[in-house]
There are 2 protein chains.
Amino acid sequence: MNRRIRDRLMTADEAVKWVRPGKRVVASGFLHQPSRVLRALQALVDDGQLPPEPLTPFRNSFPRRSFTRKGPDVAILHAAAIFSDGFVPALAVEESPWLAANAHEIILEWNVNWPSSLIGVHDIYADTVVDDAHIVPLCQPADRIGTPYIPLDWTKVVGVVKVDDDLSFVSPIEESANESRMANHLHEFLLSELRKGLLPIDMPPIHAACTGETGAILRALTQSGQQRIALFTDIIDEVALDLLQSESLSVASGSTLAVTQATAGDLSRTLKQSENRLILRPRQTITAPDVLRRLGIISINTAQEVDLYGRAHLQSDRWDSANTGQDFARQSRLSIVLLPPAPPEAGVSRVVPRVAQADLSEREVDVIVSEHGIADLRGISAAKRAERIISGWAREPQQPDLAAMVFANRRK
Amino acid sequence: MNRRIRDRLMTADEAVKWVRPGKRVVASGFLHQPSRVLRALQALVDDGQLPPEPLTPFRNSFPRRSFTRKGPDVAILHAAAIFSDGFVPALAVEESPWLAANAHEIILEWNVNWPSSLIGVHDIYADTVVDDAHIVPLCQPADRIGTPYIPLDWTKVVGVVKVDDDLSFVSPIEESANESRMANHLHEFLLSELRKGLLPIDMPPIHAACTGETGAILRALTQSGQQRIALFTDIIDEVALDLLQSESLSVASGSTLAVTQATAGDLSRTLKQSENRLILRPRQTITAPDVLRRLGIISINTAQEVDLYGRAHLQSDRWDSANTGQDFARQSRLSIVLLPPAPPEAGVSRVVPRVAQADLSEREVDVIVSEHGIADLRGISAAKRAERIISGWAREPQQPDLAAMVFANRRK
């Protein structure tokens with residue numbers, strides 16, 4: 001074992017002694033948290049040695065803006081492997097590279113149970129994590145522009161906590177059934193865009209927010225299409241991994257791979273099979289606005305509700321993808337919002353006069369797809385948008401009231 | 001006169017004959033509209049020869065996304081001067097370069113009353129107007145990266161309507177008085193950021209949404225500061241022009257110069273004085289996300305209301321700057337929202353439980369400045385944000401109710 005690592009080995013309880021009251025502490029990822037160290041930290045809180053809520057929240061995809069000092073004081077990060085000049089994050093890169101580069105002190109929790117096939121999956125572009133102001137030289141979803149590990153300044157590493165714990169995985173997401181009508185509408189729409197010359201012959205990379213609906217749509221699109229699709233997204237879920245393995249996806253690039261226990265058993269083989277076609281990057285690279293514009297992505301989000309202005313309240317999945325969903329939608333060449341049918345027993349519509357929370361404004365929604373068809377909202381006035389949304393969902397229970405409301409308010 | 005121009009000279013009534021029902025027609029800018037041609041177009045509508053609402057609305061700063069065919073059919077554009085290979089827009093560049101590049105047919109309304117000193121004020125970077133996917137090579141607010149005119153493909157120009165009309169200007173904006181407390185708070189805050197090393201020694205370029213408050217703040221900041229400030233913004237108003245002339249601003253770069261009749265009388269001299277320091281660009285260059293990140297701008301918007309989440313409903317000025325205000329805030333290094341005092345007679349607070357319209361989400365607001373002080377919302381939890389907003393405005397009438405609401409809902 002490298003001496004730098006050996007000299008810093010300690011228990012979780014020893015490591016958290018570096019955290020003094022008043023220090024700003026951050027921890028990596030939602031999926032593979034440094035859980036032993038975090039438990040030790042919580043023990044200090046319970047013991048009254050630290051104030052409650054010891055972790056500082058930060059804005060994902062643009063963490064620099066969350067810090068009122070130069071970076072956090074202590075970063076607690078999960079590692080799958082450690083080398084002399086860096087460490088390999090597990091399946092969730094997210095903001096770890098920025099945190100490692102900007103924290104004053106680093107505690108690494110190193111779980112030795114990760115397969116070595118993880119090495120090489122990551123592409124860490126360091127310039128973006130130090131400062132957002134660089135041009136990120138990424139021109140294709142499969143480009144490799146960085147290192148396969150997160151660089152480490154060892155003078156900042158105060159402790160390495162080596163653990164031999166079970167790996168944690170996500171619970172399976174329920175893939176929606178009966179999305180075939182939405183998928184058909186979307187497929188026809190994309191074909192007509194292609195015929196009009198509004199999409200290039202090679203399908204642009206696709207962002208798909210991680211919901212049961214987008215998974216089903218992605219599956220349907222790759223099956224109906226003639227060509228393979230590149231995925232450029234935040235969280236790569238099991239559906240995407242499955243499509244990648246069956247070569248329906250040419251490449252999948254994201255900041256996190258969310259796998260369940262079922263896939264995890266075979267993780268090593270899966271990673272080897274997807275070699276060079278599965279690339280995990282810092283979330284800052286994935287959501288860099290210039291990269292998204294350059295790639296000319298098509299963004300697919302799933303709405304919980306849309307309103308007559310064309311604004312969308314996004315489905316919040318377990319991973320708060322609504323946050324990065326906005327990054328993708330805003331910079332996309334085409335922003336598509338899926339509106340799944342409301343549960344029939346609810347007797348309500350997902351089309352409302354005004355959404356409670358506009359995750360996407362009317363300027364960030366181009367096209368809404370429901371089982372009833374497409375509402376193309378581009379280049380029309382607000383009044384026409386409302387008309388088109390209503391007429392697109394004639395079978396929705398609330399429809400007559402909405403129509404009455406809009407037309408009553410419309411200027412003559 | 002150039003033969004290309006002479007061959008195409010016609011009246012407004014002749015020009016609008018190119019507009020057939022069903023064609024998608026767009027017109028340039030809010031400030032210097034091609035008004036003769038638009039009046040002739042409206043006459044056709046009144047006469048029943050064209051359907052109502054003949055103009056297609058488009059999304060500013062990203063117009064490509066508004067068109068469901070390849071660009072508009074007819075673009076009606078205002079010109080201050082016409083050359084053999086292009087035309088000079090008046091004081092509002094906005095989306096005209098994109099419209100000229102992408103329309104199938106172009107009608108130019110050429111008002112001969114603009115001073116020749118307008119020539120050289122513009123910097124039209126053509127790559128961004130054809131496709132947003134390029135890297136815009138702008139590294140400093142004063143950089144010139146394009147041509148001083150909008151390039152023209154003469155095969156698309158179907159008519160030139162030469163007019164000798166009075167120039168149109170904006171009515172003066174009422175500059176808020178008594179902003180000195182807000183300005184002092186903001187100035188102190190920026191100084192403390194500088195001392196902490198969170199701002200570079202050279203003040204970054206500033207975006208200031210065009211309201212009476214930001215004008216007053218800008219004036220105060222340049223007077224209190226030791227150094228000159230660069231303005232990189234959408235609409236440059238008279239305050240900014242004044243500060244530019246007094247050399248308090250080093251440079252002012254925007255997509256539109258909004259001048260009133262008073263300044264207009266002296267427009268020629270004003271433009272000559274500001275030579276090379278006043279630069280009008282396409283709105284797509286001004287709001288290009290990679291440019292804004294690279295410049296590391298400080299964004300200043302003015303809110304009508306903020307809520308306990310830290311979201312802001314922006315003041316809508318005459319020019320709907322709320323739209324581009326979001327572009328700037330989202331990509332800025334520091335997003336500041338001014339919250340002017342509510343009119344005392346209203347007896348209400350501008351701090352509400354939930355804003356009716358969140359122009360800026362909680363992720364796009366870093367710091368709120370009111371006459372009572374600064375609420376720094378970076379890197380704290382939602383509950384702490386609410387506390388800080390409330391305690392920052394202890395003198396607001398609604399304060400006790402808000403506090404009760406927040407603390408009642410807070411988890412133990």
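Details
- Per residue Cα convex hull volume in Å³ - calculated over the range B:276-360: 120 Å³
- Dipole axis of the range A:3-163 (+1 Lys, Arg; -1 Asp, Glu on Cβ), positive-most option in A:104, A:79, A:139: A:104
- In order along the range A:243-257, the phi-based Karplus estimate (6.51 cos²θ - 1.76 cosθ + 1.60, θ = phi - 60°) of 3J(HN,Hα) comes to 5, 5, 5, 7, 6, 6, 9, 6, 7, 10, 10, x, 9, 8, 10 Hz; Gly and Pro are listed as x.
- Accessible-area order (highest first, 1.4 angstrom probe) of the listed residues A:154, A:18: A:18, A:154
- Shape summary of chain A, radius of gyration then Dmax from alpha carbon positions: 22.9, 79 Å.
- Accessible area (Å², per residue) of the range B:346-394, counting only protein heavy atoms and a probe of 1.4 Å: 32 Å²
- Simple point charges give the picture: +1 on the Cβ of Lys and Arg, -1 on the Cβ of Asp and Glu, and for the range A:44-92 a dipole about the Cα centre of about 440 debye.
- Carbon/sulfur fraction of accessible area - the range B:74-155, other protein chains in place, 1.4 Å, %: 54 percent
- When only Cα pairs below 8 angstrom with a gap of at least 6 residues are kept, chain A shows a relative contact order of 14 percent.
- Chain lengthening between residue A:83 and residue A:127 when straightened (0.36 nm per residue, less Cα-Cα): 13.8 nm
- Dipole of chain B [Lys/Arg +1, Asp/Glu -1 at C-beta], most positive-end residue of B:216, B:11, B:331: B:331
- The Cβ shell under 11 Å around residue A:157 holds other residues with a net charge of 0, Lys and Arg each +1, Asp and Glu each -1.
- Using a simple spin-label model with pseudo-atoms 7 Å out from Cα toward Cβ, residue B:174 and residue B:383 lie 4.3 nm apart.
- Quarter of the Cα convex hull surface for the range A:125-244, i.e. its orientation-mean projected area (nm²): 11.2 nm²
- Neighbouring partner chain Cβ atoms per residue of B:350-362, average, 10 Å criterion: 2
- Taking the DSSP beta bridges with both ends in chain B, the antiparallel portion is around 25 percent.
- Heavy atoms of residue A:372 accessible to a 1.4 Å probe, total area in Å² rounded to 10: 50 Å²
- Contact order relative to length of the range A:209-295, as percent, for alpha carbon pairs under 8 angstrom and 6 or more apart: 26 percent
- Between A:370, A:299, A:349, the GNM of chain A built on Cα springs shorter than 10 angstrom shows A:349 fluctuating the most.
- Most mobile of A:141, A:52, A:97 in a GNM of chain A (Cα contacts under 10 Å): A:52
- Estimated Rh, the protein assembly as shown: Kirkwood, alpha-carbon pairs, angstrom: 28.4 Å
- Equivalent ellipsoid dimensions for the range A:3-163 as semi-axes, Å, which come from the Cα gyration tensor, largest first: 26, 19, 13
- Full extension of the chain between residue A:228 and residue A:188 yields a length gain of 12.7 nm, computed as 0.36 nm times the residue separation minus the alpha carbon distance.
- Pairwise FRET efficiency - residue B:273 versus residue B:30, Cβ, R0 = 22 Å, nearest 0.05: 0.30
- Each Lys and Arg Cβ is given +1 and each Asp and Glu Cβ -1; about its Cα centre, the protein assembly as shown then shows a dipole of about 640 debye.
- For B:6, B:36, A:333, the ranking by accessible surface with the largest value first comes to B:6, B:36, A:333, using a 1.4 Å probe.
- Of B:162, B:70, B:156, the order by accessible heavy-atom surface (1.4 Å probe, DNA, RNA and ligands excluded), from most exposed downward, is B:70, B:162, B:156.
- GNM flexibility winner over chain B from B:253, B:316, B:96 (Cα, springs under 10 Å): B:316
- Under the Debye formula (equal points on every Cα, no solvent term), log10 I(q)/I(0) of the range A:237-285 at q = 0.13, 0.20, 0.29 Å⁻¹: -0.27, -0.64, -1.23
- When +1 charges are put on Lys and Arg Cβ atoms and -1 charges on Asp and Glu Cβ atoms, the dipole computed for chain B relative to its Cα centre reaches about 1200 debye.
The values are calculated or read from the model by the stated rules, or taken from the named source; none is laboratory data. Note that the structure is predicted; figures quoted are calculated from it, not measured. Neighbour counts run over all protein chains shown; Cβ positions are idealised from the backbone, glycine included. When the accessible area is computed, the model is the full protein with side chains, heavy atoms only, and any ligands, DNA or RNA have been set aside. Shrake-Rupley method; radii C 1.70, N 1.55, O 1.52, S 1.80 Å.
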